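Remarks on the structure that follows.
The values are calculated or read from the model by the stated rules, or taken from the named source; none is laboratory data. Note that the structure is a prediction, hence the values are computed from the model and not measured. Cβ atoms come from the backbone with ideal geometry, glycine included; neighbour counts cover every protein chain shown.
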Amino acid sequence: MTERPLVLGTAGHIDHGKTALIKAMTGVDTDRLKEEKERGITTELGFTHLTLPSGNEVGIVDVPGHEKFVRHMVAGASGIDCVLLVVAADEGVMPQTVEHVQICRLLGVKKGLIAITKCDLVDKEMQELVREDIRDLVKGTFLENAPVYSVSSVTREGIPELVQAIEDVTKNMQQRETEQIFRLPIDRVFTMKGFGTVITGTLISGELQTGDEIEILPSGKRCRVRGIQVHNQRVDVSFASQRTAVNLLGVEKGEVQRGEVLVHPGTLEPTHRLDGFLTVLPTAEHPITHASIHRFHVGTSLHLARIYLMDAEQLGPSEEGYAQFVFKEPVIALPGDRFVVRGSGRIQTLGGGEILSVHPPRRKRGSRQTLESLRLLREGTKREKVLFYIRENGIRGVTFPRLMELTNLSRTELTQTLEKAVGASEVARIDLTSSVYLHTDLIKDLSRKIEEALRVFHVSNPLVAGIEKEVLRSRLVPELDKKIWDYLLMSLQNDGMVVLEKEVVSLKSYQASIDPNFQKDINAVRGFLQKGRSKPPTLKELSVKLGKASDELKRILTYLVKKGECVKLTEEIYMDRKAYEEIRKETVDFLLKNGEITVQSFKELTGLSRKFAVPILELFDKERVTLRLDQKRVLRN
């Protein structure tokens, strides 16, 4: 097994000898279907592996060449590291040769080799003409400097040299990331007798272990990994870039289909909208117009997408620009994934490009903010993108797993980027049940809003010490998690801006100032309560005596309650605190002597009517002075 897993994919026109070449190199016929053998063409993806001279192995994906099966070709090309372009010596460059090269280019394939097959059927002069045609085709593409080998699957001419060239390519391939989110796009589903449902695909990121619980997206079906094979060998772990067969436990064949993706549960969410950078091929027969609908290939899936161009009314051949793709059906993708756009009428490859964002908002076309955001997502550094998404998630913050999905960075890359951002005070990390990251600019903005809201409240409510923190949250940031809100308020208290007293928050700098005329009203209310002692006037009676509205009197009474000068018995009755405490002491002494008290005995003890007696006893219960047992009360321990 190579230390660097590699997947090699074929590309080329129908009947140019791709499958025969693979059989010559590996001994395996990848045409597995009866109709494929009868018709002599590949209609489905075929898979095998090649043992190199060093003993290392590479996975091979054999793709269909017929134009009707380009969808399968796109599915097969997704996830390959290197392409083997096959051109028959007796026919030369053909339409699907051109389209396959374009598709591989759009999918971001960087490495490749070229094989001129059926060399036993033509002379050297013809081979040279084909070679020149190929060079013209690949000029300016990733295959421009690729080595070209003349081979024959019949005589085996050039086969050893081609195999050695594949070996050489493996030495310089960039390692795929195993610390990213695990994803395995499904390209085949079948049943094996004695095993059940099996899927295959190229593991494009992360790793998979036997026994793992997995989720099939977008259906959301969950199952478990019963077994894994790589290159026909059972393994415990499969890594990024390996062609992988997975035996699924707990799911039937009919519940899984090509185009779905295996992930670990909870790591990815389907989306109905993607941002991308779209390039139209020079060979496109017509432009891509704003709001048009086209076939959209990503991974092994095919969708219909409405394409909203962000900075143009149309993109013609060789033009490029930003676009938002909207889907009726859910799509599974991550930033950096490549896509292909094909016509919705006459099926032709029109263009493709790179996905920039997987859960974007609706973008305003042509706006400066839209274009700056998309430009950053395409050209920005890892740090800039991480800060962008933290800011985009607002004051609610964003978790580490969500950031992994939004950025498609590896765990190590994201950890290091966040640590630097926290160290530079660009980001705040709040460690609750799980860590939540907030942009410090947003915290500063909210702090200013809190300060201003409290200032306004204090001016409007001079008699009230502060506002309940949950009331303040509902006014400013109702969507914010309560735990994060409490954390932020505690931070503001530590910074000396606010004061927290139980559930009430106020500005530390606030000094109550009462209007002299209003102070007279306070003194009047206080005087009536003190004079009334255990039989104070009701709110309605106070309103009549003072000629004041009930709402104004309630503000005064609430102020006196918070100052500890009176107690609230009901919405209508407030009692002077000294009088209340005398009654409470008298009641406790009675209970210590007699053990229990009823409403009637309390009325006899205090001389109060039921209007006052019942609310006072209920307040005793609430303050845990007494415990009610049926129709009597006893002293609590």
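So, in the stretch 131-163, exactly how many residues are among the hydroxyl-bearing types (Ser, Thr, Tyr) and buried (at least 17 other Cβ atoms within 10 Å of the Cβ)? Full working, then the answer.
Taking the stretch 131-163 as the starting set, the residues that turn out to be among the hydroxyl-bearing types (Ser, Thr, Tyr) are 141, 149-150, 152-153, 155.
Add one more test, that the residue is buried (at least 17 other Cβ atoms within 10 Å of the Cβ), and what stays is 149-150, 152-153.
Within the stretch 131-163, residues that are among the hydroxyl-bearing types (Ser, Thr, Tyr) and buried (at least 17 other Cβ atoms within 10 Å of the Cβ) number 4.
Please tell me if Phe190 is aromatic (Phe, Trp, Tyr), in a loop (DSSP other than H, G, I, E, B) and touching a strand residue (DSSP E or B) at 6+ places or on another chain (Cβ under 8 Å).
In short, no.
Condition first: of a type in the set (A, V, I, L, M) and out of contact with any helix residue (DSSP H, G or I) (no Cβ under 9 Å at 6 or more places or on another chain). Now tell me which residues in the stretch 148-166 satisfy that.
Ala165
Determine whether the stretch 589-607 contains at least one residue that is in the same structural domain as Lys535 (by TED's automatic domain parsing), under 30 Å from Val464 (Cα atoms) and out of contact with any Gly (no Cβ under 6 Å at 6 or more places or on another chain).
First, the residues of the stretch 589-607 that are in the same structural domain as Lys535 (by TED's automatic domain parsing): 589-607.
Narrowing the set further to residues that are under 30 Å from Val464 (Cα atoms) leaves none.
No; the residues of the stretch 589-607 include none that is in the same structural domain as Lys535 (by TED's automatic domain parsing), under 30 Å from Val464 (Cα atoms) and out of contact with any Gly (no Cβ under 6 Å at 6 or more places or on another chain).
Which is at pLDDT 95 or above and hydroxyl-bearing (Ser, Thr, Tyr), of Thr191, Thr141, Thr210? Give the derivation first.
Details: Thr191 fails: at pLDDT 95 or above; Thr141 fails: at pLDDT 95 or above.
Step by step, each of Thr191, Thr141, Thr210 is checked, and only Thr210 is at pLDDT 95 or above and hydroxyl-bearing (Ser, Thr, Tyr).
Could you list, in sequence order, all residues of the stretch 358-371 that are surrounded by fewer than 17 Cβ atoms within 10 Å (Cβ to Cβ) and within 14 Å of Phe277 (Cβ to Cβ)?
none
Which ones in the stretch 302-318 are among the hydroxyl-bearing types (Ser, Thr, Tyr) and either under 26 Å from the mean Cα position of the chain (by Cα) or outside the structural domain of Gly353 (by TED's automatic domain parsing) (or both)?
Tyr308
Exactly one of these conditions fails for Ile355: (1) surrounded by fewer than 16 Cβ atoms within 10 Å (Cβ to Cβ); (2) touching a residue at least 40 places away in the same chain (Cβ under 8 Å). Give me its number.
In the conditions (1) surrounded by fewer than 16 Cβ atoms within 10 Å (Cβ to Cβ); (2) touching a residue at least 40 places away in the same chain (Cβ under 8 Å), Ile355 misses (1) alone.
Go through the stretch 196-214 and give me each residue that's under 25 Å from Val58 (Cβ atoms) and either in contact (Cβ under 8 Å) with a residue 60 or more places away in the chain or buried (at least 19 other Cβ atoms within 10 Å of the Cβ) (or both).
The answer is Val198, Ile199, Thr200, Gly201, Thr202, Leu203, Ile204, Ser205, Gly206, Leu208.
Identify, from the list Ala421, Ala323, Ala305, the residue that is at pLDDT 95 or above and touching a Gly at 6+ places or on another chain (Cβ under 7 Å). If you could, list the steps in order and put the result at the bottom.
Numbers: Ala421 fails: touching a Gly at 6+ places or on another chain (Cβ under 7 Å); Ala305 fails: touching a Gly at 6+ places or on another chain (Cβ under 7 Å).
Going through Ala421, Ala323, Ala305 in turn, just one is at pLDDT 95 or above and touching a Gly at 6+ places or on another chain (Cβ under 7 Å): Ala323.
Checking Ser509 against (1) surrounded by 17 or more Cβ atoms within 10 Å (Cβ to Cβ); (2) free of Cβ contacts under 8 Å to residues at least 60 places away in the same chain; (3) of a type in the set (Ser, Thr, Tyr): exactly one of these is not met. Which one?
Condition (1) is where Ser509 drops out.
Mind listing whichever residues of the stretch 102-121 are charged (D, E, K, R) and out of contact with any His (no Cβ under 9 Å at 6 or more places or on another chain)? Working first, answer last.
Restricting attention to the stretch 102-121, the residues satisfying the condition of being charged (D, E, K, R) are 105, 110-111, 118, 120.
Arg105, Lys110, Lys111, Asp120, listed by residue number.
Output the strands (runs of 3 or more DSSP E) that fall wholly within the stretch 77-171 and possess 1 or more residues being out of contact with any Gly (no Cβ under 9 Å at 6 or more places or on another chain), or say none. Working first, answer last.
On the way: elements: 82-88, 111-117, 148-150.
Hits in the stretch 77-171: 111-117, 148-150.
Considering each residue of the stretch 1-43, count those that are assigned to a loop (DSSP other than H, G, I, E, B), modelled with pLDDT under 65 and surrounded by fewer than 20 Cβ atoms within 10 Å (Cβ to Cβ), and give that number. So that I can check it myself, show each step before the final result.
Residues of the stretch 1-43 that are assigned to a loop (DSSP other than H, G, I, E, B), as a first pass: 1-6, 12-17, 27-33, 40-43.
Restricting the remaining residues to those that are modelled with pLDDT under 65 gives 1-5, 30-33, 40-43.
Filter once more, so that each one left must be surrounded by fewer than 20 Cβ atoms within 10 Å (Cβ to Cβ): 1-4, 32-33, 40-41, 43.
Residues flagged as assigned to a loop (DSSP other than H, G, I, E, B), modelled with pLDDT under 65 and surrounded by fewer than 20 Cβ atoms within 10 Å (Cβ to Cβ) within the stretch 1-43 amount to 9.
Please determine, by comparing only the residues of the stretch 571-620 that are under 60 Å from the mean Cα position of the chain (by Cα), part of a loop (DSSP other than H, G, I, E, B) and of a type in the set (D, E, K, R), which one is farthest from Gly527 (Cα to Cα).
From the stretch 571-620, those under 60 Å from the mean Cα position of the chain (by Cα) are 571-578, 580-581, 584, 611-620; that's our starting set.
Restricting the remaining residues to those that are part of a loop (DSSP other than H, G, I, E, B) gives 571-573.
Restricting the remaining residues to those that are of a type in the set (D, E, K, R) gives 571-572.
Working: Glu571: 19, Glu572: 17 Å.
Per the criteria, the residue is Glu571.
Which is touching a Phe, Trp or Tyr at 6+ places or on another chain (Cβ under 6 Å), on the phi > 0 side of the Ramachandran plot and assigned by TED's automatic domain parsing to the domain that holds Asp62, of Gly158, Gly108? Outline the logic, then answer.
Numbers: Gly108 fails: touching a Phe, Trp or Tyr at 6+ places or on another chain (Cβ under 6 Å).
Going through Gly158, Gly108 in turn, the sole match is Gly158.
Among the candidates Arg375, Arg362, Arg391, Arg429, which residue alone is part of a loop (DSSP other than H, G, I, E, B), under 27 Å from Ile181 (Cα atoms) and not acidic (Asp, Glu)?
Numbers: Arg375 fails: part of a loop (DSSP other than H, G, I, E, B); Arg391 fails: part of a loop (DSSP other than H, G, I, E, B); Arg429 fails: part of a loop (DSSP other than H, G, I, E, B).
The conditions single out Arg362.
If I filter the stretch 591-606 for residues that are under 28 Å from Val505 (Cα atoms) and not aliphatic (A, V, I, L, M), do I get at least one hit?
No, because not a single residue in the stretch 591-606 is under 28 Å from Val505 (Cα atoms) and not aliphatic (A, V, I, L, M).
In this structure, is Pro330 under 19 Å from Arg183 (Cβ atoms), part of a helix (DSSP H, G or I) and in contact with a Ser or Thr (Cβ under 9 Å, 6 or more places away or on another chain)? First the steps, then the outcome.
Working: under 19 Å from Arg183 (Cβ atoms): yes; part of a helix (DSSP H, G or I): no; in contact with a Ser or Thr (Cβ under 9 Å, 6 or more places away or on another chain): yes.
Here the answer is no, as Pro330 does not meet what is asked.
Of all the residues that make up the stretch 572-617, how many are charged (D, E, K, R), in contact (Cβ under 8 Å) with a residue 24 or more places away in the chain and within 14 Å of Arg636 (Cα to Cα)?
Residues flagged as charged (D, E, K, R), in contact (Cβ under 8 Å) with a residue 24 or more places away in the chain and within 14 Å of Arg636 (Cα to Cα) within the stretch 572-617 amount to 2.
Quick one: how many residues across the stretch 318-332 are closer than 17 Å to Ile103 by Cβ and in contact with a strand residue (DSSP E or B) (Cβ under 6 Å, 6 or more places away or on another chain)? Even if it seems obvious, please write down each step before you answer.
The initial filter retains those residues of the stretch 318-332 that are closer than 17 Å to Ile103 by Cβ, namely 318, 320.
Restricting the remaining residues to those that are in contact with a strand residue (DSSP E or B) (Cβ under 6 Å, 6 or more places away or on another chain) gives 320.
Counting residues in the stretch 318-332 that are closer than 17 Å to Ile103 by Cβ and in contact with a strand residue (DSSP E or B) (Cβ under 6 Å, 6 or more places away or on another chain) gives 1.
Would you please list the contacts, defined by Cβ atoms under 8 Å and residues six or more apart or on different chains, that run from a residue in the stretch 232-252 that is in the same structural domain as Thr202 (by TED's automatic domain parsing) to a residue that is assigned to a loop (DSSP other than H, G, I, E, B) and of a type in the set (Phe, Trp, Tyr)?
From residues that are in the same structural domain as Thr202 (by TED's automatic domain parsing), the pairs are Asn247/Phe195.
Taking only the stretch 432-454 into account, find how many residues are over 22 Å from Val499 (Cα atoms) and surrounded by 19 or more Cβ atoms within 10 Å (Cβ to Cβ).
Within the stretch 432-454, residues that are over 22 Å from Val499 (Cα atoms) and surrounded by 19 or more Cβ atoms within 10 Å (Cβ to Cβ) number 4.
Would you pick out the residues in the stretch 550-567 that are surrounded by 14 or more Cβ atoms within 10 Å (Cβ to Cβ) and either in contact with a strand residue (DSSP E or B) (Cβ under 7 Å, 6 or more places away or on another chain) or in a loop (DSSP other than H, G, I, E, B) (or both)?
Residues satisfying the conditions are Leu557, Leu560, Val561, Glu565, Cys566, Val567.
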